[in-house]
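Inspection log for the structure reproduced underneath, given as structure tokens.
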Amino acid sequence: MAAASPSVFLLMVNGQVESAQFPEHDDLYCKYCFVYGQDWAPTAGLEEGISQITSKSLDARRALVWNFPIDVTFKSTNPYGWPQIVLSVYGPDVFGNDVVRGYGAVHVPFSPGRHKRTVPMFVPESTSKLQKFTSWFMGRRPEYTDPKVVAQGEGREVTRVRSQGFVTLLFNVVTKDMKKLGYDTGPPDTQGVSGPSPPQGLPT
């Protein structure tokens, strides 16, 4: 008897939130969560997590190293709404209050294999100097009530932001039954780590 053809495919993702470069800040921690379409559902692992607090390394790189693990499996019937990972980095201000130091998002790589991604981070800005001073004095910096809006385009055009820092992610991606459903993700990456090179000005 022939086996029934699959009705869903699986996307298995593991890896780590490896490190960050925030030249102006120290003692930071990172939160992550996944954003995905209506046809997607997690079947195993964790959709969100929060790392330990880390300090800058003592070498020339001055990197903030977390090596915080990611491990999640999704199922879906179509690739629309492919998962994105949303990152939020927090740390203390001069008054000891936890304030956001950066938001960023990137899609989980589409092709199976090992991938490296460097994600540029940004923070929302106050719209006036008075608001900026008040938020600094009160320890209430502008931030999103729901970080998942970072992965969406709606309403982003009215938000004033400032670039600040980079976070490096490592992904190991495995897919199952995509070709049986007619989707071609290309050959597995057997050449080691792929992804964009670090931005200019950052040590490798």
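The values are calculated or read from the model by the stated rules, or taken from the named source; none is laboratory data. It should be emphasised that the depicted structure is a prediction, and the values quoted were computed from it without experimental measurement. Every residue, glycine among them, receives a Cβ derived from its backbone with ideal geometry; neighbour counts consider all protein chains shown. Only protein heavy atoms, including side chains, enter the accessible area calculation; ligands, DNA and RNA are left aside. Shrake-Rupley method; radii C 1.70, N 1.55, O 1.52, S 1.80 Å.
What accessible area per residue, rounded to a whole number of Å², is obtained for the stretch 7-106 using a probe radius of 1.4 Å?
Each residue of the stretch 7-106 exposes 45 Å² on average to a 1.4 Å probe.
Please compute the modelled spin-label separation between residue 177 and residue 59, points set 7 Å along Cα→Cβ, answer in nm with one decimal.
Rounded to a tenth, the inter-label distance reads 4.4 nm.
Once neighbouring chains are kept in place and the probe is 1.4 Å, which whole percent of the accessible area of the stretch 64-104 is contributed by carbon and sulfur?
53 percent
Using r as the Cβ-Cβ distance of residue 73 and residue 5, and R0 as 22 Å, what FRET efficiency do you calculate, to the nearest 0.05?
Here the calculated transfer efficiency is 0.60.
Convert each backbone phi in the stretch 10-17 into a coupling constant with the Karplus relation 6.51 cos²θ - 1.76 cosθ + 1.60 (shift: θ = phi - 60°), then list the ³J(HN,Hα) values in order as whole Hz, x for Gly and Pro.
The phi angles translate into 10, 10, 10, 10, 9, x, 7, 7 Hz.
Report the gain in length on full extension from residue 148 to residue 46: 0.36 nm times residue separation, minus Cα-Cα distance, nm rounded to one decimal.
35.1 nm
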